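Here's the structure we're looking at; comments come further down.
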Ligand SMILES: *Cc1c(COP(=O)(O)O)cnc(C)c1O
């Protein structure tokens, strides 16, 4: 039996989707078409924010959120070292300096260590809702707000997730979502979405993503070209209809693994759960003993796994000039050697889930 990590062709095999895409080719409004505005309005509702703006990528959503808040050279932005590299990359691209805080057992920024990372230069905190779990943004806001520090959610992996009933995307000053095909809500290429309740942030990102053009001919400031294409907006709009069932499936699959893999500690630890969070399981990350052995064994059984992410950001060659060393973030570093993401996508069949759990159990019984 083969178990793929994700099944994109299946996700895009949709008649409605093909028809809506064809309609764009027929009307020809490929950039800033009406479909984009429509998708943005629906996405704003999903994220619980007042505004949503479609962008080229999740990375650009992080970058333009920082730019909209006028963060750049000389500033510091506090974030987590266990994310995808784009989180820190977006900070560095503004000229600001990423400052890392270690994570907790849930793979999320350890808020207890946050205050110690703040300096007079800190302008923003960028918590990452990694795996589709949610950072306690309320606890972060309690530290940030009195100091006039902004909070930007990296919600790239967490569309539809919620903290105490409030959806990610509306918990800080701005939030960045990725519509990369592999994400829970993806388009047919690169895409991203920025959400915010702040009219000043919305207005500035709208300007920055569109060459700084205030009207067709008048340029208020030189800026970027980072609009979500109309074709991607219709794809996102069609797939948004399925977001709830997709999320429900992923949650159900995670529950299945939780039960089926219980009792394997300390060789295998399932993802911790918090009662006040709706986790959407972009990834289902276990911590395991003998990861290379398990990976190889599962691959031999036709089961695809991945590692999110094997090299912490502060240990990347790109981060050399930031001055961090191995040992600076012990939790992140130890997790990076033990984590493994099991397939949790929405099209898994019960027999496939059983097979994955059965093979994992059999590996540790040997
Ligand atoms: C995917 C991802 C990004 C980047 O999004 P892109 O759309 O690929 O630019 C940023 N942060 C995290 C946590 C991600 O998973």
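Could you please rank 341, 83, 57, placing first whichever residue has the fewest other Cβ atoms within 10 Å of its Cβ? Before the final figure, lay out each step's value.
Details: 341 18, 83 27, 57 22.
Starting with the residue having the fewest Cβ neighbours, the order is 341, 57, 83.
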Quote the FRET efficiency, to the nearest 0.05, computed for residue 105 versus residue 2 with a Förster distance R0 of 35 Å and r equal to the Cβ-Cβ distance.
0.60
Please report 20, 202, 166 as a ranked list, fewest other C-beta atoms within 10 angstrom at the top and most at the bottom.
166, 20, 202
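Over all directions, the average projected area of the alpha-carbon convex hull for the chain comes to how many nm²?
Details: hull surface 74.4 nm².
Value for the chain: 18.6 nm².
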Please compute the length gained on full extension between residue 200 and residue 267, using 0.36 nm multiplied by the number of residues separating them and subtracting their Cα-Cα distance.
19.1 nm
If R0 is 25 Å, what FRET efficiency do you get for residue 37 and residue 70 from their C-beta distance, rounded to 0.05?
0.40
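Just to verify a number: FRET efficiency for residue 316 and residue 113, C-beta to C-beta distance, R0 = 30 Å, to 0.05? Provide the component values of the computation, followed by the final result.
Numbers: r = 21 Å, r/R0 = 0.69.
Once the sixth-power term is evaluated, E becomes 0.90.
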Taking all pairs of distinct alpha-carbon atoms in the stretch 233-366, Kirkwood radius in angstrom:
16.6
How far is it, in nm, from the label point at residue 334 to the one at residue 218 when both lie 7 Å from their Cα along the line to the Cβ?
6.0
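Relative contact order of the chain, please, whole-number percent, based on alpha carbon pairs below 8 angstrom and at least 6 residues apart.
Numbers: 757 pairs, mean separation 81.7, N = 366.
This gives 22 percent for the chain.
With each run of n ≥ 4 DSSP H residues scored as -39500 (n - 2.57), what mean residue ellipticity at 222 nm is computed for the chain after dividing by its residue count and rounding to the nearest 500 deg cm²/dmol?
Values: 13 runs with 135 residues, N = 366.
Counting only the DSSP helices, I get -11000 deg cm²/dmol.
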Relative intensity, log₁₀ I(q)/I(0), of the stretch 11-126 from a Debye sum that treats every alpha carbon as a point, q = 0.13, 0.16, 0.24 Å⁻¹
-0.69, -0.88, -1.30
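Where does each of 71-78, 127-134 land if you order them by average Cβ count within 10 Å, highest first? Spell out each step's value before the answer.
Details: 71-78: 18.0, 127-134: 27.9.
In descending order of packing, they fall as 127-134, 71-78.
Every number here is computed from the coordinates shown, using simple stated rules; none is lab data. Quick caveat, the model's predicted, so the values are computed rather than measured. All Cβ positions, glycine included, derive from the backbone under ideal geometry; neighbour counts span all protein chains shown.
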